[in-house]
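The values are calculated or read from the model by the stated rules, or taken from the named source; none is laboratory data. Quantities reported herein were computed from a predicted structural model and do not represent experimental measurements. Positions of Cβ are backbone-derived with ideal geometry, glycine not excepted, and every protein chain shown enters the neighbour counts. Heavy atoms of the whole protein, side chains included, go into the accessibility calculation; ligands, DNA and RNA do not. Shrake-Rupley method; radii C 1.70, N 1.55, O 1.52, S 1.80 Å.
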Amino acid sequence: MEIEKKYLVDPNRIEELKNLSFYFEYINQYYLNDPKDSWVIRLRRTDDTIHEEFFLTLKSKGLLSREEIEIKISKGTFMDSLQHARTAISKTRFHVEINP
């Protein structure tokens, strides 16, 4: 079970937050099924400039909490599966330590 929290970031502070970042990773996500389905099926490639990892993820629909199954896969399986992708997104995730 995953409980996902999302935060809005003031666009005027993005550069400041990037400077506070102690770790970041590039993420490419590819969606394999119709968004109307009850589960999302996704391929994900993460790259933190040192190593890359590949995952197949099944994620249920929901607003507050969702079921999630994530399986680490080989680069070959990832590349073979890309031919079935319907849509894709790319993002950079910045990890920032925030002291309360």
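A few points about this structure:
- Candidate set from segment 14-34 (those that are among the polar types (S, T, N, Q) and not in a strand (DSSP E or B)); member that is farthest from Arg86 (Cα to Cα): Asn19
- Failed condition for Ser21, given (1) modelled with pLDDT of 90 or more; (2) among the polar types (S, T, N, Q); (3) surrounded by 12 or more Cβ atoms within 10 Å (Cβ to Cβ): (1)
- The lone criterion from (1) free of Cβ contacts under 8 Å to residues at least 24 places away in the same chain; (2) loosely packed, with under 14 Cβ neighbours inside 10 Å; (3) assigned to a strand (DSSP E or B) left unmet by Ile89 is number (1).
- Residue selection: Lys59 fails the criterion of being open to solvent by less than 100 Å² (accessible area, probe 1.4 Å), assigned to a strand (DSSP E or B), under 16 Å from Lys6 (Cα atoms) and not hydrophobic (A, V, I, L, M, F, W, C).
- The condition of being out of contact with any strand residue (DSSP E or B) (no Cβ under 6 Å at 6 or more places or on another chain) and among the acidic types (Asp, Glu) holds for Asp37.
- Residue satisfying all of: in segment 62-86; of a type in the set (Val, Ile, Thr) and part of a strand (DSSP E or B); least open to solvent (accessible area, probe 1.4 Å) among these: Ile73
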